[in-house]
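To start, the structure itself, in structure tokens.
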Amino acid sequence: MLYDMANRFLSEEIAPRYEEFEKAECFDRQSWEKAGANGLLCASIPEEYGGSGGTYAHESVIAEAIGHVGVDGFGIALHNAIVAPYILHYGSEEQKKRWLPRMATGELIGAIAMTEPGAGSDLQGVKTRAERDGNQYRINGSKTFITNGQLANLVIVVTKTDPSKGAKGTSLLVVETDEVEGFERGRNLDKIGLKSNDTSELLFNDVRVPTANLLGTDEGQGFVQLMQQLPQERLLIGAQAISMIERALALTIEYVKERKAFGQRIIDFQNTQFKLAELKTEATIGRSFYNDCVARHLEGNLDTETASMAKYWLSDLQCKVTDECLQLFGGYGYMNEYPIARMYRDARVQRIYGGTNEIMKLLISRSL
């Protein structure tokens, strides 16, 4: 029921304006507020904090609906399944009551500021510093590649509260950007794909936040918190991958049944049949694997290695499928008016963010 409702909302409210958002390289707040009003924000957050009281399974079907409708740049999945859970799992009661209800309505749009110009997949290399000054922290540093960066007004910032301790000196601080001085948004970054999603540089120049904005009871818990939440982030990337895979296949099958060459439909060529048979098989395997990972995650049994397998293998498959499907469209596949062209572009980043696929293989290999 939730999937059907999400699919209908996205098809009726978001898809007709998606080209507008692609050209603007950003969504608008009205779309976020509409999503909140329709119950698509914070589905897995308990009702006492303004959410819908669901689980990751509910977040997954919302993310899958985004992929099936083809509005992949709408950043609500990160807001729902990555940012909000940090506050739910590590926030104090006061923090949860202060922030989560407003995230559920879309008043607050969430982002998490991990990556820096000199630190990507290696989160231990973070340089952003938060120095304690009485009952406040003073934050200095810069972040880049931040999803929802132009719209976000609640940002979880990965900082070093004690650089001498390395990973153990890392802490997560929540910044409500509307309430502080010294916070700046850099440029909205010009990307290959996912144009409608605002991805930005964020600058912190003596930004002061209360010590009460620390996530967790003590400083230095940030790296452990990140490691605990990354499996769900990587699983979410898997959801985005399998949903695009399924859409790409559906659109391609429809196209090759209609398009003709040399007097027959493209589907009637044996090469087309064999290619689609291979892709359909791999997509079916991918869906089974993803669903199994979701079941494990709901039981609390999804380990880092399996989440890493899902992230790397499904995103690799996503890029393969969109490439093979584009080829079956011929020259039209290279035209932006055809959705497969956008999917081809949008898919590529999946192998990079959330930890590169090379890092995923390294994590898997450590378990062998």
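The phi-based Karplus calculation (6.51 cos²θ - 1.76 cosθ + 1.60; θ = phi - 60°) puts the 3J(HN,Hα) values of segment 301-308 at 10, 7, 7, 4, 5, 5, 4, 5 Hz, whole numbers, x for Gly and Pro.
The peptide list 11-17, 316-322, put in order of mean Cβ contacts within 10 Å with the highest first, becomes 316-322, 11-17. Pull up the DSSP beta bridges for the chain and report the antiparallel fraction as a percent, rounded to 5. Taking every DSSP beta bridge within the chain, about 85 percent pair in antiparallel fashion. With q set to 0.25, 0.26 Å⁻¹, the log10 of I(q)/I(0) for segment 319-368, from the Debye formula over equal scatterers at the Cα positions, is -0.83, -0.87. Across segment 52-58, coupling constants 3J(HN,Hα) worked out from phi with the 6.51/-1.76/1.60 Karplus curve, θ = phi - 60°, read 9, x, x, 10, 4, 4, 6 Hz, and Gly and Pro carry x. Taking amide hydrogens as placed 1.01 Å from N in the peptide plane, the amide H of Ser92 sits under 5 Å from those of Gly216, each at least 5 positions away in sequence or on another chain.
The residue list Gly193, Leu2, Gly182 was ranked by how far each Cα lies along the charge dipole of the chain toward its positive end, using unit charges on Cβ atoms, and Gly193 comes out on top.
In terms of overall dimensions, segment 56-109 has a Cα radius of gyration and Dmax of 12.2, 37 angstrom. When you restrict to C-alpha pairs under 8 Å that are six or more residues apart and normalise by the size of segment 131-196, the relative contact order lands at 26 percent. Under the convention that each Lys and Arg Cβ holds +1 and each Asp and Glu Cβ holds -1, the size of the dipole of the chain around its Cα centre is about 760 debye.
Take each peptide in 38-45, 358-365, 340-347, count the other Cβ atoms within 10 Å of every residue, and average; sorted highest first, the result is 38-45, 340-347, 358-365. Across segment 357-368, computed HN-Hα scalar couplings (Karplus, 6.51 cos²θ - 1.76 cosθ + 1.60, θ = phi - 60°) run 5, 5, 5, 4, 5, 5, 5, 5, 5, 5, 8, 6 Hz from first to last residue, x flagging Gly and Pro. Amide hydrogen proximity for Thr144: with H placed 1.01 Å from N in the peptide plane, the residues at 5 or more positions away or on another chain lying under 5 Å are Thr115, Glu116, Leu202.
Using all pairs of distinct alpha-carbon atoms, the Kirkwood hydrodynamic radius of the chain works out to 21.2 angstrom. When only the Cβ of Lys, Arg, Asp and Glu is charged (+1, +1, -1, -1), the dipole of segment 1-78 relative to its Cα centre reaches about 60 debye.
All of the numbers you see were taken from the coordinates with simple rules; none came from a lab. This structure is a prediction, so every number in the text was calculated from the model and none was measured. Reconstructed Cβ throughout: ideal geometry from the backbone, glycine too, with neighbour counts over all protein chains shown.
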